[in-house]
Amino acid sequence: MTRHFLNLSDAGGDAIAAMLNDAISRKTARAGKPKGTADADAPLAGHTLAMIFEKNSTRTRVSFDMAMRQLGGTSLILDGGTSQLGRGETVADTARVLSRMCDAIMIRTDDHSKIEEMAAHATVPVINGLTDLSHPCQIMADLLTVIEHGLALPGSQWAWLGDGNNVLHSIIEAAGLMKFDVRVGCPEGYEPSPLFIAEAVKFGAAITLSQDPQEVARGADVVVTDTWISMGQAHAEEKLAAMMPYQVTPELMALAKSNAKFLHCLPAHRGEEVVDAVIDGPQSLIWDEAENRIHAQKSVLLWALGRL
Ligand code: CP
Ligand code: NVA
């Protein structure tokens, strides 16, 4: 069975825990090495990852490329504008061709059904590099980051402030699988998908929605936000105005635990979802979080290719 990573539930809690442990060991083992050199065991020597981008990216693009180098393999990029996919070749045919030429596929796209179609026709692992629905690789890095900074995931309290978007969906999914709780503060009409909530609740996570940002932040171990306008969404003044009370400020952070951690997947819109004093402040883990995209995705790649 080909292992795809379209959502965190494709792996499940035990495999996620194994990936996080592997990421910590690999990161520790290669400390101090130049970033482009391979790990001592170069487990993916001779392997190539095809990366398809139908949306912009800095972190996902660079971190997957560096991850493949560090695992001893290589990557190549197809973008929507210059590949035949951009001229209407079907996702299914693209999946079949890339499966003959490459060892794994990472795709960033809009409609989640496209990645499902890719996975249905690929005979190599397909990894979700962000869709409109979810961003599981980002949350693998987020989990790694808070663990490294001393947080025990089970029973921890996460506070999300802002738009009920793709990143939040993967956090809610992680909450069910890794046994933590999420309080979501968002304006009416911008809530996350009830399907993700129902699934996490089934696994025993407490997921609550509130329009009171103070209540959401109070006592949290982790405070998270993301852009109010995701890629592909129209820039709407009405939405920005509705989101304003959920901006992460020092006053909101002061309501969280004194050792609470601040996360943001980046890119940030400083002065919108978060102010400089928080994102550049002592509780912010954003640069570790960004670097950890490499370390977490190395373990995702190893899992998908049956090496974990
Ligand atoms: N966080 C994240 O996925 O960043 P990019 O859009 O730069 O890849
Ligand atoms: N929610 C954002 C995440 C960017 C990494 C978006 O989809 O644009």
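The values are calculated or read from the model by the stated rules, or taken from the named source; none is laboratory data. Here the structure is a predicted model, which is why all the values come from computation and not from measurement. Cβ coordinates were reconstructed from backbone atoms using ideal geometry, including for glycine residues, and neighbour counts include every protein chain displayed. Side chains included, ligands, DNA and RNA excluded: accessible areas come from the protein's heavy atoms. Shrake-Rupley method; radii C 1.70, N 1.55, O 1.52, S 1.80 Å.
Quick one: with all protein chains in place, what share of the accessible area of the chain is carbon or sulfur, to the nearest percent (1.4 Å probe)?
54
Just the accessible area per residue of segment 170-279, please: how many Å² with a 1.4 Å probe?
Result: 44 Å² of accessible area for each residue.
Which angle from 0 to 90°, rounded to the nearest 10, does the C-alpha axis of helix 59-70 make with the longest principal axis of the chain?
It works out to around 50 degrees.
Suppose R0 equals 35 Å; then what is the FRET efficiency for Val201 and Thr2 from their Cβ-Cβ distance, rounded to the nearest 0.05?
Working from the Cβ atoms, E equals 0.75.
Going by a ≥ b ≥ c, the root eigenvalues of the Cα gyration tensor, does segment 258-308 fall in the rounded group (a/c under 1.5), the prolate group (a/b larger than b/c) or the oblate group?
Prolate is the answer for segment 258-308, as a/c is 1.5 or above and a/b outweighs b/c.
Run the quick spin-label model on Arg307 and Gln84: label points 7 Å from Cα toward the beta carbon, then report their separation in nm to one decimal.
3.0
Let me cross-check Met244: its accessible surface, 1.4 Å probe, with only protein heavy atoms counted, in Å² to the nearest 10?
So the heavy atoms of Met244 present about 90 Å² to solvent.
Lys35: which lysines have alpha carbons under 25 Å from its alpha carbon, excluding same-chain residues fewer than 8 sequence positions away?
Lys27, Lys298
Separation of segment 214-240 and segment 288-304 by C-alpha centroid, Å?
Rounded to whole Å, the Cα centres lie 25 Å apart.
Using the C-alpha gyration tensor of segment 10-157, what are the square roots of 5 times its eigenvalues, in whole angstrom, with the largest one first? Don't skip to the end; give the middle numbers.
Numbers: eigenvalues 153, 75, 37 Å².
Here the semi-axes work out to 28, 19, 14 Å.
With the radius of gyration and the Kirkwood radius both derived from the Cα set of segment 75-170, what is their ratio Rg to Rh?
Across segment 75-170, the Cα-based Rg/Rh ratio is 1.07.
Against the longest principal axis of the chain, how steep is helix 112-121, in degrees 0 to 90 to the nearest 10, with axes from Cα atoms?
30
What percent do you get for the relative contact order of the chain when only Cα pairs under 8 Å and 6+ apart count?
Dividing the mean separation by the residue count of the chain yields 20 percent.
Take peptides 28-40, 60-72 and line them up by average Cβ neighbours within 10 Å, highest first, as a rough protection proxy.
Working: 28-40: 10.9, 60-72: 21.5.
By packing density, highest mean first, the sequence is 60-72, 28-40.
Quick one: helix 166-178 against the long Cα principal axis of the chain, what's the angle to the nearest 10°, folded into 0 to 90?
Approximately 90 degrees, to the nearest ten.
If you wrap the chain's Cα atoms in a convex hull and average its projection over all directions, what's the area in nm²?
Taking the Cα atoms of the chain, their convex hull projects to 15.1 nm² on average.
Quickly work out the Ala42-to-Arg100 label distance, labels modelled 7 Å from Cα along the C-beta direction, and quote it in nm with one decimal.
Simple spin-label model gives 2.9 nm for this pair.
With r defined as the distance between the Cβ atoms of Glu272 and Ala17 and R0 fixed at 45 Å, what FRET efficiency is calculated, to the nearest 0.05?
The pair Glu272/Ala17 has a calculated efficiency of 0.85.
Which shape class applies to segment 200-302: rounded if a/c is under 1.5, otherwise prolate when a/b exceeds b/c and oblate if not, where a ≥ b ≥ c are the square roots of the Cα gyration tensor eigenvalues?
rounded
Looking at segment 224-283, what % of the alpha carbon pairs are farther apart than 15 Å?
It works out to 49 percent of all Cα pairs.
If each DSSP helix of 4+ residues adds -39,500 (n - 2.57) and the sum is divided by the residues in the chain, what number results at 222 nm, nearest 500 deg cm²/dmol?
My calculation for the chain gives -12000 deg cm²/dmol from helical runs alone.
May I ask you to give the solvent-accessible area per residue for segment 1-125, in square angstrom, as obtained with a 1.4 angstrom probe? Show your work: numbers first, answer last.
Numbers: 5980 Å² over 125 residues.
Accessible area per residue, segment 1-125: 48 Å².
Could you tell me the relative contact order of segment 182-286? Use alpha-carbon pairs under 8 Å, at least six residues apart, and round to a whole percent.
28
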